Amino acid sequence: AVIGGPQSGKSTLLVSLISALALTNTPEQVQFYILDFGGGTLRGVADLPHVGGICGRMDLERVTRTVAEMTALLGRREQFFAEHGVDSISAYRRRRAAGEFSDQPYGDVFLVIDGWATVRSDMIDLIAEITQIAQRGLNYGIHLIVASPRWADVQSSLRDLLVTRFELRLGDAVDSAINMRQAEKVPRIPGRGLTAEYKHFLSTLPQME
């Protein structure tokens, strides 16, 4: 989860995460499917070979198809693991790297949603599917990353499943899921945030020279 107020750097942090994973993994090892409901910042990574698709809020058909494909992939992978005696995603990675499963096109797959509030307001029918992906996907290498202005936008049934959290400067420190008083001390500078240990962090802007 990436949570932060307006202009706090949510989309840029997502780009940083995607760029870092793409830099350190091949397109066969990680793939991204992106729902960009923000300001279009994530389209900057559209040309990466790791990105399988990116769509915006106006293309509801492609959004629905993307979520359906992630759900179908989860079902296929559950069946595949059972049939081939794969007991964890770590074992799948090792065996695939050793040359097994050459017919499997996917490694670790990330469904990235920039603008969860849009899903809550305009695509409510997709929430149950996305929550299932978060609930069952991690064991099978299917990951969910969501960004939103407030923790309250993410219902508790999903929020509890998002174990890695980045809290940027919030619009109102009262909304902090870490500590209200400490959240007030986060500078109003994009990319600045608060860790669960009350430490400040700074996310970077990825650039190629």
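Some observations on this one:
- Difference of contour (0.36 nm per residue) and Cα-Cα distance, ARG165 to THR26: 47.5 nm
- From the C-alpha gyration tensor of region 100-176, square roots of 5λ in Å: 27, 14, 11
- Computed [θ] at 222 nm, helices only, for the chain once each DSSP H run of length n ≥ 4 contributes -39500 (n - 2.57): -11000 deg cm²/dmol
- As a size descriptor, the averaged projected area of the C-alpha convex hull of the chain was calculated at 12.3 nm².
- Net charge, VAL67 excluded, C-beta distance under 13 Å - Lys, Arg +1, Asp, Glu -1: -3
- Whole-number percent relative contact order across the chain, with pairs defined as alpha carbons under 8 Å at least 6 apart: 31
- Part-to-part distance (alpha-carbon centres) for region 43-72 and region 79-157, which is given in Å: 14
- Extended-chain gain in nm, criterion 0.36 nm per residue less alpha-carbon gap, ASN139 and ARG120: 4.3 nm
- 5 angstrom amide H check on ARG150, placed H, neighbours 5+ away: GLY4
- Helix axis angle, 10-24 relative to the chain longest principal axis, alpha carbon, degrees: 40
Rule-based calculations on the coordinates, nothing more; no lab input. What you see is a predicted model; the values in this text were computed from it and never measured. We place every Cβ from the backbone using ideal geometry, glycine too, and count neighbours over all the protein chains shown.
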